[in-house]
Amino acid sequence: MADYINEVRLQNAVLLLETNNWQVNEISEKVGFSSQSYFFKLFKKRFGTTPKDYRIKKSMGM
């Protein structure tokens, strides 16, 4: 169950990273992660990059 919840949170974070300019720590909080370091760890494990680098790559069309 926790894995599913974290996956939903990560997908919501991706949407927010792609659609606004909020800081990454704001996004991690808004999607429900109480620990920014845990959010970074899960995000990097799931997507192979940090949230900030993900945003940069998406904005460059990668």
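Laboratory data are not the source of any read-out in this text; all were calculated from the coordinates shown. Keep in mind that what you see is a predicted model, and the values were worked out from it rather than measured. Don't worry about glycine lacking a Cβ; one is built from the backbone with ideal geometry, like all the others, and counts go over all protein chains shown.
Counting the residues of segment 1-58 that are part of a helix (DSSP H, G or I), of a type in the set (A, V, I, L, M) and in contact with a Phe, Trp or Tyr (Cβ under 9 Å, 6 or more places away or on another chain) gives 8.
Can you work out which of the residues in segment 26-43 that are among the small types (Gly, Ala, Ser) and within 14 Å of LEU16 (Cβ to Cβ) is surrounded by the fewest Cβ atoms within 10 Å (Cβ to Cβ)? By that ranking, first place goes to GLY32.
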